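See structure below.
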Amino acid sequence: MAKKLLLVSNSILHGSGYLDHCEGEIRNFLGGAGKILFVPYARPGGITHAEYADVASRRFEKMGYALNSIHEAVNPVFTPKDAVESAGAIFIGGGNTFRLLAGLQGADIMPNIYGRVKEGMPYIGTSAGANVACPTIMTTNDMPIAEVPSLHALGLVPFQINPHYIDADPNSKHMGETRETRIKEYLAFNTIPVVGLREGAMLVLDENGLTLKGSTGARVFRKGEEPGEYSPGDSLDFLL
């Protein structure tokens, strides 16, 4: 069965509310899926799991979906692994990627998520949630505020994502490295391609292949090649 993934660069786009810019894609992607499981481990701004789950559940309720949070699965009879195994779809929200990966590793649910997605369970990841769908979190923008045993992530796609990708401003007097410089530095030591996903952009993987969606584009970086520019609607099957 084909994997189904919706990987979104950002949860909030300037001028709109939480998930507003990708609501249409979420609705199309989920269809009639039930029992959506939310993973709040990324904890944006350091908010609690419960506070984050409340934000997400209210937004999904507006779209007509019920959402349960994995942090509530603390009963020995119903564990986080049980929550993953019984979910109809999974949504991993944004925040700090290191905190998120530490949470996934600590709950020991990464093999369960991988197995369910391989079986066809829909996976939505925004920002850090898109990062952990990749082979590693090496191309995150986040500070390592939590120590993780390994940088290896879920490996649901064979490429890396750099969410919130920002193009260099030719008029800026900032002398630090640009996002492009950081990605090229990564490719000096690694061979896995990187999708620089601008805010407002998202990737959809389904039975039709890998497609760039949203209102902005993406840059694809491959070792030894000049970056390629892609627009919404383009196929990125060459990355699979």
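Just so you know, all these numbers are worked out from the coordinates, no wet-lab data involved. All of these numbers come straight from a predicted model, not from anything done at the bench. We place every Cβ from the backbone using ideal geometry, glycine too, and count neighbours over all the protein chains shown.
General remarks:
- Rounded to the nearest 20 debye, the dipole size of the range 148-240 about its Cα centre is 260 debye, using +1 on the Cβ of Lys and Arg and -1 on the Cβ of Asp and Glu.
- DSSP-defined beta bridges in the chain - what % are antiparallel, rounded to 5: 50
- Counting neighbouring beta carbons within 10 Å and listing from fewest to most, the residues Met110, Met202 come out as Met110, Met202.
- Annotation: Cα Rg of the range 156-209 relative to the compact-globule expectation 2.2 N^0.38 Å equals 1.36.
- Overall dimensions of the range 105-186, expressed as equivalent-ellipsoid semi-axes from the Cα gyration tensor (√(5λ), whole Å, largest first), are 29, 14, 10.
- Binned Cα-Cα distance frequencies in the range 78-146 - 10 Å width, integer %: 21, 55, 23, 2
- Least to most buried among His21, His49 (fewest other Cβ within 10 Å first): His49, His21
- Taking every C-alpha pair closer than 8 Å and separated by at least 6 residues, the mean separation divided by the residue count of the chain gives a relative contact order of 21 percent.
- GNM flexibility winner over the chain from Leu13, Leu205, Leu104 (Cα, springs under 10 Å): Leu13
- Sorted ascending by nearby beta carbons within 10 Å, beginning with the fewest, Asp169, Asp54 become Asp169, Asp54.
- Cα pair distances exceeding 20 angstrom across the range 132-240, given as percent: 42
- In the range 150-240, the GluC sites (Glu not before Pro) that fall in loop regions by DSSP, at most 15 other Cβ within 10 Å: Glu177, Glu207, Glu225
- Contact order normalised by residue count of the range 31-78, Cα under 8 Å, 6+ apart, percent: 46
- ³J(HN,Hα) computed for each position of the range 186-195 - Karplus, 6.51 cos²θ - 1.76 cosθ + 1.60, integer Hz, glycine/proline x: 4, 6, 5, 10, 9, 10, 6, x, 10, 9
- Gap separating the Cα centres of the range 123-140 and the range 9-31, nearest whole Å: 17
- Kirkwood analysis of the chain, using all unique Cα-Cα pairs, places the hydrodynamic radius at 18.0 Å.
- The range 52-178, relative contact order [Cα under 8 Å, separation at least 6], %: 22
- Evaluated at q = 0.27, 0.30 Å⁻¹: base-10 log I(q)/I(0), Debye formula over Cα of the range 1-63: -1.46, -1.50
- Normalised Debye scattering of the range 1-117 at q = 0.15, 0.20, 0.22 Å⁻¹ gives log10 I(q)/I(0) of -0.66, -1.24, -1.51, counting only Cα atoms as equal scatterers and leaving out solvent.
- Listed residue pairs exceeding 19 Å between alpha carbons, taken from Lys81/Lys118; Lys4/Lys118; Lys35/Lys81; Lys4/Lys223; Lys4/Lys35: Lys4/Lys223
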